[in-house]
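Laboratory data are not the source of any read-out in this text; all were calculated from the coordinates shown. From a predicted model like this one, the values you see are computed outputs, not experimental measurements. Backbone-built Cβ (ideal geometry, glycine too); neighbour counts: all protein chains shown.
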Amino acid sequence: MKYSKLVDVYEYLEKTSARLKKTDAIAKLLKETDSENLPRIALLLQGRVFPAWDERKIGLASQSMEKIVSIATGFPEKEVGARFKKIGDFGLVVEELAGKKRQKTLFEKSLTVEKVFENLQKLASVEGKGSQERKFKLVSELIVSAKPKEAKYIVRTTVGDLRVGVAQGVVRDAIAKAFLDTKTPEKAKQAVSAVEWAWFLRPDYAEVAKIAKKKGLSGLKRVRLEVGKPYHVLLAEKSPGLKEALESFEHPALEFKYDGARVLIHKKGNKLWFYTRRLENVTKQFPELSDFVRKGVKAKECIIEGEMLGFNKKTGKPMPFQSLSQRIKRKYDIEKMVKEIPIQVNLFDVVYLNGRELFDKPLSERWKLLKKIIRPVKGKFKLAEHIETKELHKADEFYRKSLAASQEGLIVKNMDAKYHPGRRVAGGWLKVKPVMETLDLAIIGATWGTGKRAGWLGSYILGCRDGDKFKNCGMIGTGIKEKEGAGGITLQKLTKMLKPDITEEHGNKVKLKPDVVVEVAYEEIQKSPNYESGYALRFPRVLRIRPDKSISDADTKARIERLYRLQKGKIR
Ligand code: AMP
């Protein structure tokens with residue numbers, strides 16, 4: 001299959017913003033693709049050559065791209081770098097330079113999807129001496145035999161930024177449209193939910209598309225959990241408060257909401273796999289967990305879920321999620337990390353046991369089974385703190401206990417509920433967390449956007465007052481729309497307000513004179529050495545722009561400190 005066929009679709013998707021049109025274009029391409037290329041196309045459409053959960057990664061940073069584009073087009077690295085700085089997209093840079101430099105004779109053999117896919121996949125396995133050069137060669141070889149437009153997408157796929165706006169829901173709908181009966185709204189709904197179900201359990205559209213094409217609707221519905229393969233987990237919904245959560249269920253269970261990372265433990269005999277909720281394979285990163293599971297799980301085959309916490313080895317106290325996330329990302333010196341940041345796993349569910357999928361069993365039964373198969377390893381591997389009550393005073397006491405243990409709050413679970421895999425399918429779990437007061441902060445820095453967001457300032461740095469200085473305490477990266485935002489907060493509007501305040505520019509980063517004040521909500525305040533103020537807001541979001549406030553009204557570092565101390569013991 002010619003790569004140019006895919007590139008034509010990319011080009012169309014880049015220009016079209018209507019979701020339905022995008023879906024139709026992708027569905028048409030999938031239909032016209034032969035079975036052998038279907039998995040490749042399903043991945044490439046999302047700018048991938050491996051499913052999200054695959055350990056293999058392309059592993060080429062944008063710095064390397066400067067070199068590669070230079071090698072492939074013959075333009076000096078400096079010039080490539082300068083152009084990149086200006087337009088912020090190596091894809092457009094290579095398209096422009098390839099167009100200028102290219103001699104017609106090089107187009108003789110047209111690039112195939114197979115070749116592009118193969119070379120990009122190979123990037124992940126190149127190792128050892130001279131690996132950098134070999135990687136450069138794999139990509140530049142493609143660029144040299146590509147037309148300028150093709151080069152654009154080869155490069156964008158390599159840096160992991162395709163910029164054609166294909167959300168996962170569009171691929172899902174397109175697969176349904178391409179291979180299933182979607183003639184009536186009823187049938188379409190059924191088709192889409194079958195594709196979605198399969199994707200929850202096999203989070204890889206390459207595989208899902210194959211099943212849809214070969215086995216149709218019933219094949220998709222028959223997809224089952226498989227030990228060793230990650231799936232999309234059940235998530236919790238927000239509850240306005242503890243009382244409301246208790247009242248929502250006839251048989252509620254309350255558990256600590258641990259401030260750690262979800263871990264999915266798959267066991268098949270002696271073989272083990274650990275995944276995060278974002279489907280990262282972290283088996284190698286947590287060798288001690290293998291020991292705990294071998295000692296502590298009395299089942300031949302199972303998939304169990306829990307929350308993993310990191311501990312401070314000196315104080316013996318639980319550490320915030322950030323510390324543990326260092327271990328999740330770590331690829332080397334693993335044994336050192338095992339000692340640096342010891343872990344504790346708190347188990348709360350079992351979804352597969354000795355050949356049986358347990359999604360349809362109520363939580364009461366799953367919890368019973370989990371208790372049966374776990375032999376705790378003291379302080380390291382145990383069941384989550386769990387009580388079953390409908391009495392508010394008991395629940396309240398338990399809530400305080402969780403906060404006092406530096407945890408986030410509670411998850412209130414319906415003991416009668418089934419397990420619904422899938423990130424957007426909520427049901428049965430409600431989270432209860434303290435609500436934090438909002439902060440008024442100044443925007444003291446930002447970054448010029450690239451691609452669709454070129455010309456707009458984004459990634460705002462928030463600053464709190466400390467004497468007559470402003471110190472950063474958080475960053476708003478996402479969540480603000482370009483032109484039509486909730487409550488009138490848009491990149492366009494903020495850019496207009498902030499532009500006159502620019503005092504310094506370094507590359508695409510700008511420093512701003514504190515002037516614009518925004519009201520910010522967040523989930524939690526954390527101590528952080530990476531921020532000048534010493535504190536970082538977790539998940540901050542702008543609620544309002546506050547033109548009525550001057551910067552002398554902005555909140556101080558002292559108030560953040562006070563709220564930080566308060567949050568541990570605070571209950572709504
Ligand atoms: P949130 O990330 O705020 O939507 O809350 C859901 C997350 O809380 C889950 O994905 C788990 O990682 C985490 N969690 C902590 N403790 C528990 C628990 N006892 N039961 C279920 N999830 C928990």
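In deg cm²/dmol and to the nearest 500, what is the mean residue ellipticity at 222 nm of the chain if only DSSP H runs of at least 4 residues count, each as -39500 (n - 2.57), divided by the residue total? Mind dumping the intermediate values first?
Working: 20 runs with 230 residues, N = 572.
After summing the helix terms and dividing by residue count, I get -12500 deg cm²/dmol.
Which of the trypsin sites (Lys or Arg not before Pro) found in the range 296-393 are in a DSSP loop and have at most 13 neighbouring Cβ atoms, other than their own, within 10 Å?
Numbers: sites: 298, 300, 313, 314, 327, 329, 330, 331, 336, 339, 356, 366, 368, 371, 372, 378, 380, 382, 390; in loops: 298, 300, 313, 314, 330, 331, 378, 380, 390.
Filter output for the range 296-393: 298, 300, 313, 314, 331, 378, 390.
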Exercise for review: Could you sort 138-146, 183-191, 262-270 so that the peptide with the highest average Cβ count within 10 Å comes first and the rest follow in order?
Suggested key: 138-146, 262-270, 183-191
**Study point:** Bins of 10 Å from zero: percent of alpha-carbon pairs in the range 237-429
**Key:** 9, 36, 37, 17, 2
Check your understanding: Could you give the length gained on full extension between residue 556 and residue 62, defined as 0.36 nm per residue of separation minus the Cα-Cα distance, in nm?
Key -> 174.1 nm
**Study point:** Computed label-point distance, nm, for sites residue 214 and residue 122 using a 7 Å Cα→Cβ extension
**Key:** 2.7 nm
Practice item. Quick one: net charge around residue 359, please, counting Lys, Arg +1 and Asp, Glu -1 for every other residue with C-beta under 11 Å from its C-beta. Key: +2
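Of the listed pairs 368/394; 57/295; 22/187, which have alpha-carbon separations greater than 28 Å here? All intermediate terms of the calculation are to be shown ahead of the outcome.
Numbers: 368/394 22 Å; 57/295 33 Å; 22/187 20 Å.
Long pairs (Cα-Cα over 28 Å): 57/295.
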Review point. Between residue 329 and residue 431, what FRET efficiency comes out of the Förster formula 1/(1 + (r/R0)^6) with R0 = 25 Å and r the beta carbon distance, rounded to 0.05?
Key: 0.50
Check your understanding: When every alpha-carbon pair in the range 307-362 is counted, what percent end up more than 13 Å apart?
Key -> 66 percent
Practice item. From zero up to wherever the largest Cα-Cα distance of the range 222-263 sits, split into 10 Å bins and tell me the percent of pairs in each. Key: 18, 39, 28, 15
Study note, to complete from the structure: In nm, the gap between the two label points placed 7 Å beyond Cα toward Cβ at residue 55 and residue 322 is 2.9 nm
Check your understanding: In whole Å, what three semi-axes, largest first, describe the equivalent ellipsoid of the chain built from its Cα gyration tensor (square root of 5 times each eigenvalue)?
Key -> 40, 34, 24
